[in-house]
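The values are calculated or read from the model by the stated rules, or taken from the named source; none is laboratory data. Since this is a predicted model, take the numbers as computed values, not measurements. So basically every Cβ, Gly included, is an ideal-geometry build from the backbone, and we count neighbours across all protein chains shown.
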């Protein structure tokens, strides 16, 4: 078993159900990953250490999901030169998801976070694969095939609807 | 000169003009303070060390101002048991200030940030004084006097307007 | 039994379920409190009297929760030199909580309200404890311990997820 | 000179320029008014007394203008059985006016504020006139005439534009 | 039976459940009213005729409730010199109620609508009573009594909560 | 059977239930239509080809429904000189529908999309009929009759409510 | 000179500068138009008469621009079977344009308004041309040519930027 | 000179001033790039061809900036397996930037766009470098050095402010 290339982190155990969508994508694309619960607010030292050691542990990309005032992605991005993908999560007591979207997206100049759609863990997984695929022919080919499968699903949907209408 | 009780930190030098409003209030209330530029994203180690050492250095309250995806207040609150006051700043490229308001206000359960109004550095200074005043009779009296002065200004405004109208 | 240090007030009896989260925290931190239903709009005289007498009755902090056009925290802050913590509540007919958030947060210069997240009664309790803890070593130590317990919960969550994945 | 029927109040002297639009309308409609600077937050006792005495002093309507977390209209409405018209004002540091709009509009059941558009002091004056006009034939006729004058202005505008185009 | 003083209109039969709250208040205050379904968009001629004839039919105030792009209150206000109270309704497919709030509130200079909170039909009824009460001592006294009853309900809630806590 | 005049397209099969409202209207107005599932993101080539061939296939109007970052209407409008009607759909994970509303409505100068209300598929069908009706007397007459039927429904609702009240 | 096919109406003379963009497009596409200032709120009878007579006067499309609580497009759509294009205008005192966008876009089922982008008068003109072009080959060809010219402008921009970079 | 690794595209020539920030970063990181003006709406065929050929031309990442209903990033992402970075641009007539933020961010499942902050072209350049750096040691080292330089700037700012205060 090779070393993980993608680190998936999330602010709370309750985010797992959603973030598991990223796991499924990475498994489908045969990309090694590791998964951790790490909170920028409740375990800042661990989050700090995780981000600082990411390059040396061989990670290529980090996916960070969090809700509300979601600082995990930004703090991680502050501490690693790797690309960090942020997944805004609409948690309970969120103000319609705007809080996590804006606290992940609106990073200051110098420290980007690659933000995906609200609850977009699947897309975070695909984006991680695309980043790896940009220098890995095999992964790139799997992405091409995946996009082809999306196409087929739409075409089948089209046929079904034409039958219904 | 006694040790600072209030630590004022801000994400960027460009926030000083605004955050100086908090300084003026603390000087008016005769409360010792210290002021630092510290970025959760550009100097995470320094921000980390600052927050971790705050109690031991004798601080009673921290005021943190930042714009955009403003993580400074939250990350500081994660690392100190002291009350942290957050000042959302409407920086350029802010989405109308919503980004800094929501990334400071919407902290997860367990790690509060005492958030004041957008650009409310004056109020952050007063709130810091109120926190100190809750166990310091002299400061409390100065707050009472300050509130009296606000009243007088309104009463004077009232008289001027009645003359004009 | 010692005198209450924290006054918890709320605009309506229906806010009790939520505001009880602040009660639980204060009990956990062994801080005496009192709790009242008081409306800035329906019992303005009582709200007025409550705020005016707060210092003399020995309170150190007031926590005020209200929904919609939430004026209770602001009106209380107008009438006491004590720090006032505002809890925006997402009541029915609220416009997604924005109304209570903005009517509590956006206080004018001179009269701050320490605002916490939407429905953030737990955090209001913690913030009250932090304010008291800033001059009370015992309470400060309990906050340190509380933060440690948050950490452990995340670490346990991390272990469980690693087992699942 | 007869007693004022309309009380115009505003949270700060700086609101006078805007609130003067209501004055102009009332003068045009020959309705007696009084004007005061009164802050729910900086002069709560005065605001309180003003609202409590309004009926006995012969007022029929109160117009209250304020910005930010604008509590003046609501607090006044809490303390008088008279109709209170609220004018949300877009002050500096306002979050695009949303704060004053929502803190005036979203009053809880039992205590309405008749809210007009952002910076709508002219309309507040007209609404006050309409309220008085609903039981005063002369004022009602002046409103009818005023509406006729609005019509003529549009018709003239129409003619000018047809010439231009 | 005397002539109705308040006209309650609504854009759709489905708004009746909500608008009935205004009916209940008017009955409680012993104010005669009439109720109609009238759409600015589906029955513009009827809405037009209703508003034009309102003064002559003896109405003193009109309450108009509508959802989405809610034009009923504004169009009615355009056609009568009487005060028009607008009730924004959060209908299905509404964008969180913002559409009806803004289309009722943000009337242009010259044609005010007295807007109440989202779904605030009760408050619309009270405001109508206050408008009538501003020139009718009996109604004014009923409002005073009503406000007293609100107070008592809060005081009872306070007592219950103190027992619970 | 004559050639379809209206092309109804949607980004996903799951949009069919909603978009079927447009179908029903077109059938009621006896306007030939075709219906397809086509995604700007998952089947860009098909969407491209569809739009490019629309004029030659005899279509007069295209209705495009999509949710989230909804590009289908805009991309179609880019590739055809025909009027394109956009239906913003509030899909799961949408940020309250704002995303699809703004990505359909805010088209740059030169490439309009005729946007209808959130989930407004019925109105999209009517608008398509109106466009065809602007040069087809029969369809125009059916629209006039349809508007009459709306009126009658409101009048019946009015009668029912008067009976209830 | 032939009869106008497009009626351009606007709520106020001050909207002419913006709405003139629609005029320029119609002239470029050689489509006859008429232009009027008509307010749903200040000249409701004229707006009413205009819309009612539109079909008989030979109009094919109406473009209605208005700001704030913008009811002109909706009220016009209520009174004519013709397609009505709504142009939301960001007037002074607008709440960032949201008010006019939502009061034009969110029309109830049965009465669509074809809404274009905020201040999108140019696009309103193009959409009107597309509606006419859907049954007029010459106009359709001019739209095709217009789209070609947009393309060329981008291509020229591309060349200039490649030289600069 | 080696082949470009990063393609920078923008919807309009007027976006160049902003998008040039990405250029400067790539030059600083010594990464070859190409720059083009390409509109999803005005030159759909060119945008289509650009995206389809990107992999074969050797690109590793695409940066797409656009304002309003910004479809360029999404349409490009639909047509390439490469990672696409989206830069929301606050253009004139934008609704405060929300339109471009949401039309870039809220991509449907399957087709991610790595979105950066409003007007965040600098961060888009850095993110592109991080993506390349995840498999290129030299670029990674330059990012580490860049982050060090950000740190030094903050430390210098800190010193200046301490001198001032």
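Considering region D:53-106, and only residues there that are surrounded by fewer than 22 Cβ atoms within 10 Å (Cβ to Cβ), within 19 Å of residue G:98 (Cβ to Cβ) and at pLDDT 95 or above, the residue that is farthest from the other protein chains (Cβ to nearest Cβ) turns out to be D:90. Quick one: would you say residue D:123 is at the interface with another protein chain (Cβ under 8 Å from one of its Cβ atoms) and within 15 Å of the chain's Cα centre (by Cα)? So residue D:123 fits the description; yes. The residue pairs whose first member lies in region H:138-159 and is more than 10 Å from chain B (Cβ to nearest Cβ), whose second member is at pLDDT below 95 and surrounded by 13 or more Cβ atoms within 10 Å (Cβ to Cβ), and whose beta carbons are closer than 8 Å, counting only pairs six or more residues apart or on different chains, do not exist in this structure. Here is the figure for region G:103-113: residues that are outside any loop (DSSP other than H, G, I, E, B), under 12 Å from residue F:87 (Cβ atoms) and touching a residue at least 24 places away in the same chain (Cβ under 8 Å) total 0. Being closer than 27 Å to residue E:21 by Cα and in contact with a strand residue (DSSP E or B) (Cβ under 7 Å, 6 or more places away or on another chain) holds for only one residue in D:129, D:124, D:78, and it is D:124. Of all residues in region B:145-165, those that are out of contact with any helix residue (DSSP H, G or I) (no Cβ under 9 Å at 6 or more places or on another chain) and modelled with pLDDT of 95 or more total 6.
Residue check: residue D:33 meets all listed conditions (1) within 12 Å of chain B (Cβ to nearest Cβ); (2) surrounded by 22 or more Cβ atoms within 10 Å (Cβ to Cβ); (3) farther than 25 Å from residue C:114 by Cβ but one, namely (2).
Residue-level analysis places residue B:125 outside the set of residues that are at pLDDT 95 or above and out of contact with any helix residue (DSSP H, G or I) (no Cβ under 7 Å at 6 or more places or on another chain).
Residues in region D:1-30 that are surrounded by 21 or more Cβ atoms within 10 Å (Cβ to Cβ) and in contact with a strand residue (DSSP E or B) (Cβ under 8 Å, 6 or more places away or on another chain): D:5, D:6, D:7, D:8, D:9, D:10, D:11, D:12, D:15, D:19, D:22, D:26.
Just one of the listed residues (E:131, E:111) is more than 16 Å from the chain's Cα centre (by Cα) and at the interface with another protein chain (Cβ under 7 Å from one of its Cβ atoms), namely E:111. Here residue B:118 fulfils each of the conditions (1) without any contact (Cβ under 8 Å) to a residue 24 or more places away in the chain; (2) under 26 Å from residue D:16 (Cβ atoms); (3) touching a helix residue (DSSP H, G or I) at 6+ places or on another chain (Cβ under 7 Å) apart from (1).
Would a scan of region D:40-52 turn up a residue that is under 11 Å from residue D:124 (Cβ atoms) and either surrounded by fewer than 19 Cβ atoms within 10 Å (Cβ to Cβ) or in contact with a strand residue (DSSP E or B) (Cβ under 6 Å, 6 or more places away or on another chain) (or both)? No. On the stretch given as region F:131-165, residues that are assigned to a helix (DSSP H, G or I) and within 26 Å of residue E:13 (Cα to Cα) total 23.
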